[in-house]
1. In percent, how large is the relative contact order of the stretch 22-75, given Cα pairs closer than 8 Å and 6 or more residues apart?
2. Could you give the length gained on full extension between Y15 and H55, defined as 0.36 nm per residue of separation minus the Cα-Cα distance, in nm?
3. Excluding W7 itself, what net charge comes from residues whose Cβ is under 14 Å from its Cβ, given Lys and Arg +1 and Asp and Glu -1?
4. Within the stretch 23-76, list the trypsin sites (Lys or Arg not before Pro) lying in a DSSP loop whose Cβ has at most 16 other Cβ atoms in a 10 Å radius.
5. Tell me the chymotrypsin sites (Phe, Trp or Tyr not before Pro) within the chain that lie in a loop according to DSSP and have at most 10 other beta-carbon atoms within 10 Å.
6. Please give the net charge around E47, taking every other residue with its beta carbon less than 11 angstrom from that of E47, where Lys and Arg add +1 and Asp and Glu add -1.
7. Let me check I've understood the local charge: for K33, count other residues with C-beta under 15 angstrom from its C-beta, Lys and Arg +1, Asp and Glu -1. What total comes out?
8. I'd like the orientation of helix 2-17 relative to the chain: the angle between its Cα long axis and the longest Cα principal axis, in ° from 0 to 90, rounded to 10.
Amino acid sequence: MLFRKGWDIRGRIEYLTKVPTYYYQYRVGGADKESELARKCPKCGGEWLLESPLHDVFHFKCDACRLVSNLSWDFQ
């Protein structure tokens, strides 16, 4: 429910401003670093791991879904 509300707000901001707007999905937890690095985009299931972190924070980015996320803080 929370993801859906945030996702809708992101879409409204993008629609009104005509600026590509990304939704940040905060990540904590996970089994281990290897499984974290193998995560797929939660919306489309595509590859979204970046070669190097964007702004030293975002390790994952899906341009199609407009999502960004961090590697779990437990494994940084």
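1. Values: 83 pairs, mean separation 24.0, N = 54.
Once normalised by length, the contact order is 44 percent.
2. Numbers: separation 40, 0.36 × 40 = 14.40 nm, distance 2.47 nm.
Full extension of this stretch gives 11.9 nm more.
3. On the way: positive: R4, K5, R10, R12, K43, R66; negative: D8, E14.
Computed value for this residue: +4.
4. Numbers: sites: R27, K33, R39, K40, K43, K61, R66; in loops: R27, R39, K40, K43, R66.
Qualifying residues, ordered by number: K40, K43, R66.
5. Values: sites: F3, W7, Y15, Y22, Y23, Y24, Y26, W48, F58, F60, W73, F75; in loops: Y22, Y26, W48.
Here the chymotrypsin sites (Phe, Trp or Tyr not before Pro) that fit, given the DSSP loop and packing criteria, are Y26.
6. Values: positive: R39, K40, K61; negative: none.
So the environment of E47 carries a net charge of +3.
7. Numbers: positive: R27, R39; negative: D32, E34, E36, D74.
Summing Lys/Arg as +1 and Asp/Glu as -1 gives -2.
8. Between the helix axis and the principal axis of the chain, the angle is about 50 degrees.
Read the figures in this text as sums done on the coordinates, not as results from a lab. This structure is a prediction, so every number in the text was calculated from the model and none was measured. Every residue, glycine among them, receives a Cβ derived from its backbone with ideal geometry; neighbour counts consider all protein chains shown.
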